[in-house]
Amino acid sequence: MRPLLDEVQLLEDYHKGTLPEDQQLDVEVRLLWDQELQQKLARQQRAYKVLRMYGRRQLRAELEAIHVRLFG
């Protein structure tokens, strides 16, 4: 199980751009050759996008509730 978590963390750091340069290059090379890793990265990026959209909706709903309380 741990190698799977390590890979998720690696892809997250790659996505955020927080990997050291040598690791960044290593991931980029692996992505060129490993279709499964490409798919994992794509799924992880979609998950981040969905979470951001959900967070924005939640924030929008909270702001609307505040507006209604303040201005009726």
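Would you check if residue 51 is under 13 Å from the mean Cα position of the chain (by Cα), of a type outside the set (Asp, Glu) and modelled with pLDDT of 90 or more?
Judged against the criteria, residue 51 is a match.
Taken together, 63, 51, 41, 32 contain a single residue that is aliphatic (A, V, I, L, M) and touching a helix residue (DSSP H, G or I) at 6+ places or on another chain (Cβ under 7 Å), which is 41.
List the helices (runs of 4 or more DSSP H) inside the chain, counting only whole elements, that have at least 2 residues being of a type in the set (S, T, N, Q).
Working: elements: 2-16, 21-33, 35-71.
Helices (runs of 4 or more DSSP H) meeting the threshold: 21-33, 35-71.
When residues in region 7-39 are screened for being loosely packed, with under 10 Cβ neighbours inside 10 Å and under 15 Å from the mean Cα position of the chain (by Cα), 2 of them pass.
The values are calculated or read from the model by the stated rules, or taken from the named source; none is laboratory data. No experiment lies behind these values; they were computed from the predicted model shown. Using ideal geometry, Cβ is built from the backbone for each residue, glycine included, and neighbour counts are taken over all protein chains shown.
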